[in-house]
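Have a look at the structure below before the remarks.
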């Protein structure tokens, strides 16, 4: 079977106006799809250069397929099952920055380049003391970006009209502001001068943004069947849901330069991002991160099965309606409606969202998505939220064997479990050490009243009796959720 390429399919070429850090499924099913639709429906006229900014990625495959790939959007629309297929043409090429650093830096001189987008995980926007301007490449994403901006600044002699619009998609609070702070920190550390720092501040637009679409990625169960149906092989085939939201906190003129809304897309340039972010990160992403260890320890593979399985569905529902929504303090009517929509999306019969994919870099995700809710709940109600704490205890058990996080996190948990002899006292000590490891959480979680004892109780019960019995002991019965549905 021939591979999907421009020879087999054809392809429209556009100027390279967007630089994208990240080769993963999400950006291809979200940002690159949005740009593809803008090219078809508006005068945007731009393609994406994708940068593989880590040593492992899909750059080679993207180039082998000439940037083309199939996207299946599927789910319920107006009560009917709808599946749509499209070949996405927005990617021009991919660069592996470790092998093609000069080609990467050459993009700084491009007069067509206008936008930068990224999705480098929650841990990606960070400062690395070892990064130098002369590094080829820098270790961190902000380091790579700073080097590119410096090259552009010098190439165009500080022209204020050559600044870029930078829209990070990482799920951290104020992601655009934090990214700019990292760039300015590198500028100072590398002694690039006040004029460059001022150019970064005034000529470039760093936007906070929030993205929302569930993207399971390659359809493992029916990929070969879909390839036979399409008539070509496609290693980049991606599946996502119909729902999408990109909320961008930025100036009004951005909607004209990035006219996604005129293509009928749910892309909003807004003055205030906080309400969108809190709902999405804490309800949707927070529920994802909390349900994943429960599913993993239960032998459940997908989000859909987790929210429809009789042993686990009440946990997810009560987590959202009884702990997350009361804690975050947003208008109840809007958040409750959003939560019902989220549960419907989780149960999408067409989307097989594997919890193993959510488990990647789980501890940084839990820190960002769940710990703030846990703290808010404890402050508001004088006790810790049971289901959120159960999820924390479950993650501690998952990390007995997990290797899907940064090396120092994996090594820390491995050492803790090796030192644990399995007694109640040893598990309590392990929990205390985990909660007190400030490199994980940015604070000592043992200081939250009741958290250490309750986490230890759940961790011990999981060790002795398994996750399902622990769920029952936690009182996940679903009756209060039913009240929400009737109201």
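For a test of the definition: using alpha carbon positions, the gyration tensor, and the 1.5 limit on a/c, classify the stretch 358-402 as rounded, prolate or oblate.
oblate
Looking at the stretch 53-172 only, what percent of DSSP beta bridges run antiparallel? Nearest 5 please.
Within the stretch 53-172, antiparallel bridges account for around 70 percent of the total.
What is the order of 226, 471, fewest Cβ neighbours within 10 Å to most?
226, 471
To the nearest 10 degrees, how steep is helix 332-346 against the longest Cα principal axis of the chain, on a 0 to 90 scale?
80
Rounded, prolate or oblate: pick one for the stretch 253-386, where a ≥ b ≥ c are the square roots of the eigenvalues of its C-alpha gyration tensor, a/c under 1.5 means rounded, and failing that, prolate if a/b is larger than b/c, else oblate.
oblate
For the stretch 6-270, what mean projected area does the convex hull of the alpha carbons give, in nm²?
Result: 14.2 nm².
Please give the Cα centre distance for the stretch 136-212 versus the stretch 332-357, rounded to the nearest Å.
For the stretch 136-212 versus the stretch 332-357, the Cα centre distance is 34 Å.
Sort the stretch 274-486 into rounded, prolate or oblate with this rule: let a ≥ b ≥ c be the square roots of the eigenvalues of the Cα gyration tensor; rounded if a/c is under 1.5, and if a/c is not under 1.5, prolate when a/b is larger than b/c, oblate otherwise.
prolate
Can you tell me what share of the DSSP beta bridges in the chain is antiparallel? A percent to the nearest 5 is fine.
35
With just the Cα atoms defining each centre, how far is the stretch 273-312 from the stretch 369-392? Give it in Å.
15
If you restrict to DSSP beta bridges whose two residues both lie in the stretch 6-270, what percentage is antiparallel, to the nearest 5?
That works out to approximately 35 percent antiparallel.
In deg cm²/dmol and to the nearest 500, what is the mean residue ellipticity at 222 nm of the chain if only DSSP H runs of at least 4 residues count, each as -39500 (n - 2.57), divided by the residue total?
-13000 deg cm²/dmol
Mind sorting 333, 188 by how few other Cβ atoms lie within 10 Å of their own Cβ, fewest first?
Ascending number of Cβ neighbours within 10 Å: 333, 188.
On a 0 to 90° scale, report how tilted helix 371-381 is relative to the longest principal axis of the chain, with both axes built from alpha carbons and the result rounded to the nearest 10.
Its long axis makes an angle of about 50 degrees.
Using label points projected 7 Å from each Cα along Cα→Cβ, tell me how many nm separate residue 344 and residue 76, to one decimal.
0.7
In whole percent, what relative contact order does the chain give with Cα contacts below 8 Å and a gap of six or more residues?
13
Going by how many other beta carbons lie within 10 Å of each one, how would you line up 110, 449, fewest first?
449, 110
Relative to the longest principal Cα axis of the chain, at what angle does helix 175-189 sit, 0 to 90 degrees, rounded to 10?
Roughly 70 degrees, rounded to the nearest 10.
No value in this document is a laboratory result; all are computed from the given coordinates. Everything numeric in this text was worked out from a predicted model, so none of it was measured. Heads up, the Cβs are rebuilt from the backbone with ideal geometry, glycines too, and the neighbour counts pull from every protein chain shown.
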